[in-house]
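Student: First the structure, then my questions, so here it is.
The values are calculated or read from the model by the stated rules, or taken from the named source; none is laboratory data. Here the structure is a predicted model, which means the values were calculated and not measured. Cβ atoms come from the backbone with ideal geometry, glycine included; neighbour counts cover every protein chain shown. Accessible surface areas use protein heavy atoms only, side chains included; no ligands, DNA or RNA. Shrake-Rupley method; radii C 1.70, N 1.55, O 1.52, S 1.80 Å.
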Amino acid sequence: DRGISAQVVSWRRNSGQSLPARAKITGAYANSAFSKSEAVLNGYDEAIVLTIDGSVSEGSAENLFIVRDGKLITPAISDDILEGITRSALMQLAREEMGLETVVRTVDRSELYSCDEAFLCGTGAQVSPIVDIDHRQVGDGEVGPITRQLTKLYFDTVRGKMPAYKDWVTPIY
């Protein structure tokens with residue numbers, strides 16, 4: 001609820017020219033482990049990893065979104081990201097339930113420091129609002145309104161409370 005801190009780490013995301021970034025390959029998680037360890041050892045909750053060229057890629061094992069001027073922005077698949085199902089689900093919920101389109105494009109590192117909101121998402125992380133990047137406050141330093149609303153929609157959906165998305169979940173009795 002209070003958000004997490006993140007560090008842009010020195011490790012770079014495995015390039016798609018070396019290892020298919022869109023595949024969940026066990027060996028690729030060594031890169032994630034080094035990234036996460038660096039961030040945690042430096043007092044942060046999570047890592048943000050850049051591409052070989054210095055553009056924003058993703059978290060250690062999560063997709064990244066920023067919010068600028070009321071728009072969701074996420075790195076393109078060409079920025080060596082894993083095409084996450086949580087990422088896709090959030091883009092669909094934002095579009096269908098909030099009327100927000102997601103801009104998919106290369107994200108510069110400097111945008112992390114000037115965005116209004118930021119969050120990571122993934123199967124394990126679910127939706128993790130970021131309130132601090134490299135000791136710089138994101139927005140007002142609190143979980144932003146778009147992130148908060150999208151998080152609520154996501155949890156309502158995966159808990160089966162959104163009839164329009166009932167095919168996204170499997171009841172377990």
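Student: Return yes when Thr151 is β-branched (Val, Ile, Thr), within 17 Å of Asn63 (Cα to Cα), within 13 Å of the chain's Cα centre (by Cα) and open to solvent by 20 Å² or more (accessible area, probe 1.4 Å) and no when it is not. Reasoning before the result, please.
Tutor: Details: β-branched (Val, Ile, Thr): yes; within 17 Å of Asn63 (Cα to Cα): yes; within 13 Å of the chain's Cα centre (by Cα): yes; open to solvent by 20 Å² or more (accessible area, probe 1.4 Å): yes.
Yes; evaluated as a whole, the condition is true for this residue.
Student: How many residues, within the range 80-119, are at pLDDT below 95 and of a type in the set (Asp, Glu)?
Tutor: Qualifying residue count for the region: 3.
Student: Evaluate the range 1-17: report whether one residue or more is under 21 Å from Asp116 (Cα atoms), surrounded by fewer than 13 Cβ atoms within 10 Å (Cβ to Cβ), within 17 Å of the chain's Cα centre (by Cα) and modelled with pLDDT under 90.
Tutor: Scanning the range 1-17 turns up at least one residue that is under 21 Å from Asp116 (Cα atoms), surrounded by fewer than 13 Cβ atoms within 10 Å (Cβ to Cβ), within 17 Å of the chain's Cα centre (by Cα) and modelled with pLDDT under 90.
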